[in-house]
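Presented below is the structure to which this report refers.
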Amino acid sequence: KMTQQMRDLQLAQARKPPGPSSPNAAKRLYRNLSGKFRVNYTSFDEGSLVGRGEKEKLRKSYLFQSNAALFEAVELQDLDRVQELLKQYSPEELDLNTPNSEGLLPLDIAIMTNNAPIARALLQAGAKESPHFVSLESRSLHLSTLVREAEQRVNELMAQVVNEAPNADCSEKEKQLKAWEWRYRLYKRMKAGFEHARVPDAPTNVHLSVASSSSVQVTFWEPLSVNSAVVTKYKVEWSCSPTFSPLLGEAVIDKLKNLHFTIRGLVSGTAYYVQVSAYNMKGWGPPQASVPPFAIPSNWREYDGRAPRRRGQAEALDHLLGQVKTVHQHCVCHEPCKNQPQSRKHSVSKSLKHLFHPGSKFLKTLKRGLYLTAIFYKDDNILVTHEDQIPVVEIDDTYSCLLMQDFLWFTKVSCMWDEILWLRQCVTVSQSSCSCILQTRFKMLLAISQMQGLLGIQDLGQVFFEPVKDKQGNILIVTLKEVKTNQTFESVRWVPICKLQTGRKSVSSPEEPTALDMLLISLQDKLAYHQRSSHALSPGLYLGYLKLCSAVDQIRVLVPEQLPNILCHVKIRSNPNISREEWEWLQKMASMEEPVPAEPEAETSQNHLFQELQGAIKELMTLVNIPLQEAKDFRLYSQEVLDFGGQVSFLLLLPPSDDVCTAPGQNNPYTPRSGFLTLPLQIFELGEE
């Protein structure tokens, strides 16, 4: 009766016919799809044989056959073919959650034949169990009916084959008999799998952590038992009582790609208990309480009521910039200097004429001086001039020694590419002071304007952290920008990077290469640096190592080459939040003159953080090549947690106070292994933003 209802329902919905008549036919069906049906699909795409209506029919037929192929692949336990179909088609195209004529879904067949790999692949793709199995009894009755009807059909066909004389009809009946015998064995195996299955064990490693002031997060693993049926969903329950009576809420998780759940909308300062249970076709298993058993939503800032460091800063800076612009809005652009020497006036006038003269163009060769070059790249191509040169413009032909302060000022200007005209107005008006520094910076702004005008684009990208210098007195300031769209530029064209590097004829000797040759030789390294500088960390809490070294005119910071916009670091955990209780424990540890290496109480968030920190410190010391015994003199920065956008946070590990910054000439006994570099602190701060 149950099966008849299923079939009536499917007929009303005009669903699919039964599968192929034999196992061999099934194999031929789904294995030949790529050849037989793909040809037809291509032909109707071209529109050369059929009309629009026929095209749609053929497309539906093609997808229908793909659905049939998936069922057959699951029945034949062909994991490779199942994965291939799931990769090739979307769940909607496969009708992944539409029952066949027997009222079964692909996931039903996989879990009742206890094929865990196929079941997991289907679950990852979003497969569901049949909604018709509302109880254990209904599933058992349906399977018994399928087995009984298949057995009855086998007996009928066997009698016909025995009683009929050999002929064409008899041969067809033998094929049907073999197909039904195979299906009979399949249904019996499914029925046995269901009968021998038991409810799942409890999930393992159920861990509870504080995600914010109003949420907690629970993570868990699959049950350890391999004898029960495949788990198809989990249930998370929470309560303010350790007995879970009454329940405050529950959530069912049926997307099993990531086994975690965040409970939101909770009250800060209130303890919440959480437990998780697993479900399979036999029902829900026992719940597993979390470790620690409860969590209190909070954030480390609640310890002393501290406001976020950057709250309102961006708005305040925008307001300040607006005020400065208002003051300077009546400035006269390029006002001549009144008190500067005649040579300076002539130099500025010459630069202006060069900028607005129709013949303004990129330079082919370098003379002694300061230059700006812009590198735009897309995949393996780079923008060059029509003479196959990297775009270069002159900043100052009398400037042979770039001061670090001028370079750092230029890097700050790179944050305001759209404001260059306004900056030029301000610097021009200020030239009455006859400052050599202002003269140089004004020429930098002129060169930027010239490069923007020649390329036809405002944003020149990110400044490379150090200029390229040669022994002839040439200095190149390099900007880098990745172009991700099909963008057109003026006066330039795209060429492969390898072609540019191999095709350029060097005019210098290998012993004393020019700045342009040095740029081309190191181009791949600079592009790699630029790409890595834009990479973001995955959400989580990290332990960072702060190490500085000073020179005469700058302070530099140690960073990893693979992620130069972040301090040397290791990941502590995936949850970026530090709770109030964890921060309070860290403060107590920091206040001890001689920290006692005693662990916090077991099954607390503090104990878990303690263990995580121990592992992270060991990993970080190995990374930066510092003996672990030296770590006893290191300390955690306890003034604040560095928060980056709410998804990434850092605890800082500091060397002893005398070793935080290595002075010029001072030996550093522990040199990091390869894979690190030092950046000027101001450059690092810009990249961090």
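Here are the numbers for the structure shown:
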read-out	value
Some residue of the range 232-241 being part of a loop (DSSP other than H, G, I, E, B) and more than 29 Å from LEU136 (Cβ to Cβ)	yes
In the range 454-468, the residues that are modelled with pLDDT under 90 and either under 26 Å from PHE684 (Cα atoms) or in contact with a helix residue (DSSP H, G or I) (Cβ under 8 Å, 6 or more places away or on another chain) (or both)	ILE457
Subset tally (residues that are farther than 18 Å from VAL483 by Cβ and polar (S, T, N, Q)) for the range 361-388	1
Leading residue by the ranking (farthest from ASP643 (Cα to Cα)) among those in the range 227-261 that are in contact (Cβ under 8 Å) with a residue 60 or more places away in the chain and of a type in the set (A, V, I, L, M)	ALA229
Test: residue in the range 102-117 that is closer than 14 Å to LYS191 by Cβ, open to solvent by 40 Å² or more (accessible area, probe 1.4 Å), assigned by the TED database to the domain that holds TRP180 and hydroxyl-bearing (Ser, Thr, Tyr)	no
Qualifying residue in the range 545-559 (condition: part of a helix (DSSP H, G or I) and touching a residue at least 24 places away in the same chain (Cβ under 8 Å))	no
Residue in the range 89-106 that is nearest to GLY126 (Cα to Cα), counting only those that are touching a residue at least 12 places away in the same chain (Cβ under 8 Å) and among the polar types (S, T, N, Q)	ASN97
Every pair of residues 6+ apart whose Cβ atoms lie under 7 Å, when the first sits in the range 174-192 and is of a type in the set (A, V, I, L, M, F, W, C) while the second is assigned to a helix (DSSP H, G or I) and modelled with pLDDT of 90 or more	LEU177/VAL154; TRP180/ALA150; TRP180/ARG153; TRP180/VAL154; LEU186/GLU75; MET190/ILE109; MET190/MET112; MET190/LEU143
Qualifying position, being out of contact with any Gly (no Cβ under 6 Å at 6 or more places or on another chain), among the charged types (D, E, K, R) and loosely packed, with under 14 Cβ neighbours inside 10 Å, among LYS255, LYS173, LYS191, LYS178	LYS255
Every residue from the range 194-225 that is open to solvent by less than 50 Å² (accessible area, probe 1.4 Å), of a type in the set (A, V, I, L, M, F, W, C) and assigned to a strand (DSSP E or B)	VAL206, LEU208, VAL210, ALA211, VAL216, VAL218, PHE220
Any hit, the range 200-214, residues being under 18 Å from GLU129 (Cβ atoms) and touching a residue at least 24 places away in the same chain (Cβ under 8 Å)	yes
Hits in the range 438-476 - residues which are under 21 Å from ALA515 (Cβ atoms) and of a type in the set (Val, Ile, Thr)	THR440, ILE448, VAL463, VAL468, ILE475
Residue within the range 446-463 that is more than 19 Å from CYS415 (Cβ to Cβ), of a type in the set (Val, Ile, Thr), outside any strand (DSSP E or B) and open to solvent by less than 60 Å² (accessible area, probe 1.4 Å) present	no
Residues (free of Cβ contacts under 8 Å to residues at least 40 places away in the same chain and in contact with a Cys (Cβ under 9 Å, 6 or more places away or on another chain)) located in the range 262-295	THR270, ALA271, TYR273
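The values are calculated or read from the model by the stated rules, or taken from the named source; none is laboratory data. Given the structure is predicted, the values throughout are model-derived calculations rather than measurements. Neighbour counts run over all protein chains shown; Cβ positions are idealised from the backbone, glycine included. Calculation scope for accessible area: heavy atoms of the full protein, side chains included, ligands and nucleic acids excluded. Shrake-Rupley method; radii C 1.70, N 1.55, O 1.52, S 1.80 Å.
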